[in-house]
Amino acid sequence: MSEIKPEDKTATDKNEEEQDWEAAKAFFESLKTKAPRPPKPQNAVTIAVSSRTLFNMVAERKIFVDEGVEKYVAFQVEHESDPLKPGPAFPFVKALMNVNTRLRNLYPDSEELFDIVLMTNNHAQVGVRLINSINHYGLTIERFCMTGGKSPIGYLKAYMTNLYLSKSADKVTEAIEEGIAAATMFMSRQESDLSDTQLRVAFDGDAVLFSDESEIIVKKHGLDTFFEHEKKFENKPLAQGPLKCFLEALGKLQRKFYAKNERLNCPIRTFLVTARSAASSGARVLKTLRSWGLEIDEALFLAGAPKGPLLQKIRPHIFFDDQMFHIEGANELGTISAHVPYGIGQKYNKGKLIEEPKKEE
């Protein structure tokens, strides 16, 4: 997975782009408002969220499925003054905004901030209810992409997206295939008290931060061969996985707090929560992170133990894993989780190969 960067442009193009941006910025600054303006996309860490991850739209989705798009749009218009209830990404987005507040206090002129984009295939008529809901909760979301029934994935690179969150596994898979960090979000089955002052993000290792190269060996040859392989290649960094670039983006913002002597009071904290064993296969993971120049605040090696109880103590705003049984276990104990549909693990369930249906001759 490669980090998404702006396309190369000539000096003239860059000059014109800067002039256009400065003109737009001057216009917005001339308006009387206390609302913070969005940063330039090339400076921001852009988080694209679908409307069904930001808000709970289960009832509305049922109307769409059962009665069709016209009834769905009519219902949304009729209820556009009724705020939608928070969805699985809502606490995560609130935490991102809290980090932005701290960054603006320390760096008033900096545009290295989180920028949240609402990326949805809803029709524009539904936009009024979404805007009203965003304003009701005091969320700072200025960029919308409403594609009227078409997939929004083609716009992700244009928005310079660092992370895409959706309820659609197909769209998430499509985004990952385009080289964009993405995950399918699930609402936890019970409420959990989350930090109001610190964004807490937990990652699985293999097939999330790292490639699935080591997981392939586990699945095909067993743990003993895996341990031998990891020992042999301890000093060879693992290839990057689909969410490595997002951890990198978090690290960039963390260092801005460290530069102001705010390490102990940093509003971003990251966790590695892996089924790996520390003594048998942990060194390669830590050396890989070191080789990338990345830090992880807490590394937790569980040696195959369930992740749910530990995540219940961590209480992250979001937990990323490639295995659905880990997602389900975390959700049952109150952790908001996001599935990363990447790697060989998608062919297995609880360690057993999922048999594909035989094709008829």
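The values are calculated or read from the model by the stated rules, or taken from the named source; none is laboratory data. Computed from a predicted structure; not experimentally measured. As a convention, Cβ positions derive from the backbone with ideal geometry for all residues, glycine included, and neighbour counts pool all protein chains shown. Ligands, DNA and RNA are stripped out before the accessible areas are found, and what is left, the full protein with its side chains, is counted by its heavy atoms. Shrake-Rupley method; radii C 1.70, N 1.55, O 1.52, S 1.80 Å.
With the contact rule set at Cα under 8 Å and sequence spacing of 6 or more, what percent relative contact order holds for the stretch 39-184?
Over the stretch 39-184, the number comes to 32 percent.
Show me the trypsin sites (Lys or Arg not before Pro) within the stretch 149-228 that DSSP assigns to loop and that have at most 16 other Cβ atoms within 10 Å of their Cβ.
For trypsin sites (Lys or Arg not before Pro) across the stretch 149-228 that sit outside H, G, I, E and B with at most 16 neighbouring Cβ atoms in 10 Å, the list reads 150, 157, 189.
Normalised by the residues of the chain, what does the relative contact order come to in percent, with Cα pairs under 8 Å and at least six apart?
18
Hey, what's the stretch 39-184 come to in accessible area per residue, 1.4 Å probe, Å²?
43
Tell me the angle of helix 127-136 to the major Cα principal axis of the chain, expressed in degrees between 0 and 90 and rounded to the nearest ten.
The angle comes out at about 80 degrees.
For the stretch 240-309, which trypsin sites (Lys or Arg not before Pro) are in a loop by DSSP, counting at most 15 other Cβ atoms within 10 Å?
Of the trypsin sites (Lys or Arg not before Pro), the ones in loops of the stretch 240-309 whose Cβ has at most 15 other Cβ atoms within 10 Å are 260.
Amide H neighbours of residue 239 under 5 Å, counting only residues 5+ apart in sequence or on other chains, H built in-plane at 1.01 Å?
HN-HN under 5 Å from residue 239: 211.
Which whole-Hz couplings ³J(HN,Hα) result when phi for each residue of the stretch 323-329 is put into the Karplus expression 6.51 cos²θ - 1.76 cosθ + 1.60, θ = phi - 60°, listed in order with x for Gly and Pro?
9, 5, 5, 6, 4, 5, x
For the stretch 239-316, report the accessible area per residue in Å² (1.4 Å probe, heavy atoms, rounded to an integer).
43
Can you tell me how the stretch 39-184 classifies by the Cα gyration tensor, rounded, prolate or oblate, using a/c under 1.5 as the rounded cut?
Here the stretch 39-184 falls in the oblate category.
I need the phi-derived Karplus couplings for the stretch 254-264: 6.51 cos²θ - 1.76 cosθ + 1.60, θ = phi - 60°, integer Hz, Gly and Pro marked x.
Karplus values, whole Hz, x for Gly and Pro: 4, 5, 5, 6, 4, 5, 9, 6, 10, 4, 6.
Using every alpha carbon pair in the chain, what percent of pairs falls into each 10 Å bin from 0 up to the bin containing the largest distance?
Final binned percentages: 5, 23, 32, 25, 12, 4, 0.
Give me a comma-separated list of calculated 3J(HN,Hα) values for the stretch 106-114, in order, Karplus coefficients 6.51, -1.76, 1.60 applied at θ = phi - 60°, integers in Hz, x for any Gly or Pro.
7, 10, x, 9, 7, 10, 7, 9, 6
Would you mind telling me the share, in percent, of accessible area of the chain contributed by carbon and sulfur at probe 1.4 angstrom?
49
Once you place label points 7 Å from the Cα toward the Cβ at residue 67 and residue 286, how far apart are they in nm?
Modelled inter-label distance: 5.8 nm.
Taking the Cα atoms of the stretch 197-351, what is the range of coordinates along each of the three principal axes, in descending order and whole Å?
Rounded to whole Å, the extents work out to 48, 37, 24 Å.
Could you compute the net charge surrounding residue 257? Neighbours are other residues with a C-beta less than 9 Å from the C-beta of residue 257; K and R count +1, D and E count -1.
Once positives and negatives cancel, what remains is +4.
Determine the alpha carbon to alpha carbon distance for each of 150/236; 150/219; 150/220; 220/307; 150/313 and list only those over 31 Å.
With Cα atoms farther than 31 Å apart: 150/236; 150/219; 150/220; 150/313.
Give the residue list of chymotrypsin sites (Phe, Trp or Tyr not before Pro) in the stretch 196-289 that are DSSP loop and have at most 15 other beta-carbon atoms within 10 angstrom.
Qualifying residues, ordered by number: 233.
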